[in-house]
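Below: the structure, in structure tokens.
Rule-based calculations on the coordinates, nothing more; no lab input. Only a predicted model underlies this, so the values are computations on that prediction, with no experimental measurement involved. Neighbour counts run over all protein chains shown; Cβ positions are idealised from the backbone, glycine included.
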DNA sequence: TTGACATGTGAGACCGGTCTCAAATACGCT
DNA sequence: AGCGTATTTGAGACCGGTCTCACATGTCAA
């Protein structure tokens, strides 16, 4: 039974004693600071190895005040979008010698707040957050007050002067809308997954994510400059909840004056559009044109392949972590908002709008004629 | 300039002093242990609030020996499969009052080892690991030796007596293979994403993941019992690297005696099959039948929709975290391996095998005839 | 030989909590 | 009032590292 006693772990004092030196000396060797003679170094290292010593990072962090850990709070890890971003963060962090503590807010500001407290309590050296709301931000200010750097990911908060890394949502939405207009569309819908009290868009007060607002502005701006009146009427929100998406989409498509093109805020919504269309017996791009945000790998394999707005999600994460690390290491320049460019990848989900589309019956005729 | 001095954070001593009580008393109130009179409690809480006190969890962990944190090492967070699992872990952990530190091994045993050291150094209360190799497991034994509970996720290690939560890969592969056999197939390929020195399967020594081995056994067993000779010849490995997948698949499909059905180890591989088939001018299910592991949401929206083996990934994560928490809290029963059931979801990617398939030319004929 | 200075080492304070223990106070009861 | 017991409180050790500082030793030049 020659086993390390599992009750108490080996400490630096144990090593020191075993090596016949003082605790301070052993610490110097094992912590790689101060000085020690080669002979002593060797003795201590040998003893450490023999005893299976492993530094207690908690104790270390407590005295140094640095934990070499960054906290990340993300809307939903299950979402591949964030999965990729987290991978980027993780890679950049590890490359710089930092670990990552991950938390899920579920896009709920209250949970986000709780997560902040926990991470602050764990004394992370800095945080990366995808804020769930532009309104509830006291806890983000609290981070600032605690003196720890904060980087916002994917979204910004107007009144918070911190670094942020986002994509050019406004321009992306504008470009996508323009592409649809060029194809002849005049009735263009934007369907967002963002949580809202009412699926029908009534105004900016309903929106609590900067990205969503930017995109809506992009769609509206592009529509307006093409002389389209009241483009807001085709904007729909809250298509994320199961079942809800189908309802919103089918009502939109079966209503009078239905849109001939849809811009989907993410893949999940795009998927929902696909399913609803199939149920309704409509097809892309004959009956409806579609563009989706996020170039998930599968979007190229549907029939037809979907035209998407490709976002550099991994880079979003990677950059934000790099910026955070730089802040932690201590750079004093003013906070900046970095905007990463998106690309419109044209595939085959855009076509000319059907000439007449008063009722579903007509639609089916139409589809038969074309297909 | 009424601001909390950002240099040093508020400690329990500060609160104690401000409330006019001893450090010990303040600690008792704020740490919710021991006793204190209502009056004192109120005074301390008020002072804590006023000063913006936030407990230093590091210090707390150091004395108590518990960090209320679990470490998770996963093959690749970017992969939606693990994304879902992590979500499950995260939910279960938070519900039990634990936080999660996440690490990425990139399916590399060396990185996994490094991650273990780091997490152990951070004194996590327990770990959940998806081991990258059944061979390199010293570090996992090290975890055991440190006395901290370990739960294996998705994969097992034969000589390691710890809890594990996996899916019934063997049976799943068997059922899928049987489904293909019932449809008339006799030449069934299994294409795995697992890293290997050689894409052609030579024997178990190449495989370092329990799941992969189980699945191969399942495919082989089902094939054998249907009287199929040498089913191993259609097994291919290492289809994960970009470009490599296409090469492996197209070579397999263009070779003599090509398989008429493919079982793909995950979505990424299935996607690759889709793309390669399109490039080759072949179609599903006329020229080739396909079953894929993992029921990603998009698999129902391709044409044809893909028949998949649905795995309870979220539950996999959720259960493993629950088990880990139970171990941490201290349950002494022998380690168990929990096996979660998968379901074969039949969609439309399985058809009868084409009668003759010597050359691609014949294939095209065939496709035209059927389509 | 001695003084100046670099280098190696150990004692002990410290980080911010928890926890043990003993003293102080309050309470109940005869 | 007087005593036993329960409750509240404070002093100080402790967790496992880091870090300051004083002291011991070694090296070299004057």
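What is the average number of partner chain Cβ atoms found within 10 Å of a Cβ in A:106-119?
On the way: counts 3, 0, 0, 0, 0, 1, 0, 0, 1, 2, 0, 2, 6, 2.
Mean partner shielding for this stretch: 1.
Based on the mean of other Cβ atoms within 10 Å per residue, sort peptides B:211-218, B:53-60 so the most packed one is first.
Descending packing order for the listed peptides: B:211-218, B:53-60.
Taking every residue in B:297-305 and counting other chain Cβ atoms within 10 Å of its Cβ, the average works out to 5. What angle do you read, to the nearest 10 degrees and between 0 and 90, between the alpha-carbon axis of helix B:244-254 and the longest principal axis of chain B? Result, in degrees: 20. Between B:143, B:191, B:262, the GNM of chain B built on Cα springs shorter than 10 angstrom shows B:143 fluctuating the most.
Shape analysis of region A:12-55 yields a ratio of the Cα radius of gyration to the Kirkwood radius, Rg/Rh, of 0.89. Where does helix B:38-51 land angle-wise versus the long Cα axis of chain B, in degrees 0 to 90, nearest 10? Tilt relative to chain B: about 70 degrees. When A:102, B:271, B:153 are arranged by Cβ crowding within 10 Å, least crowded first, meaning fewest neighbours, the order is B:271, A:102, B:153. Each Cα pair under 8 Å and six or more residues apart adds its separation to the average, and for chain A the resulting relative contact order is 17 percent.
Modelled spin labels at residue A:200 and residue A:138, positioned 7 Å past Cα toward Cβ, are 3.5 nm from each other.
Scaling against 2.2 N^0.38 Å puts the C-alpha radius of gyration of chain B at 1.30. Region B:209-258 and region B:63-128 have their alpha-carbon centroids 32 Å apart. Note on chain A: with a GNM built from Cα contacts shorter than 10 Å, the maximum mean-square fluctuation among A:163, A:198, A:246 falls on A:198.
Kindly put B:128, A:248 in sequence by how many other C-beta atoms sit within 10 Å of each C-beta, fewest to most.
A:248, B:128
Gain on full extension, evaluated as 0.36 nm per residue between residue A:225 and residue A:340 minus their Cα-Cα distance, stands at 38.9 nm. Quantify how much of the Cα-Cα distance distribution of region A:138-218 extends past 23 Å, in percent. In whole percent, the long-distance tail amounts to 37.
With just the Cα atoms defining each centre, how far is region B:14-42 from region A:5-59? Give it in Å. Cα centres, region B:14-42 to region A:5-59: 37 Å. Beyond 47 Å, what share of the Cα-Cα pairs of the protein assembly as shown is found? Please give it as a whole percent. Beyond 47 Å sits 28 percent of the P(r) for the protein assembly as shown. Dividing the helix sum by the residues of chain B, where each DSSP H run of 4 or more adds -39500 (n - 2.57), gives a mean residue ellipticity at 222 nm of -13500 deg cm²/dmol. How far, in degrees from 0 to 90, does helix A:109-121 lean away from the longest principal axis of the Cα atoms of chain A, to the nearest 10? Computed tilt is about 20 degrees.
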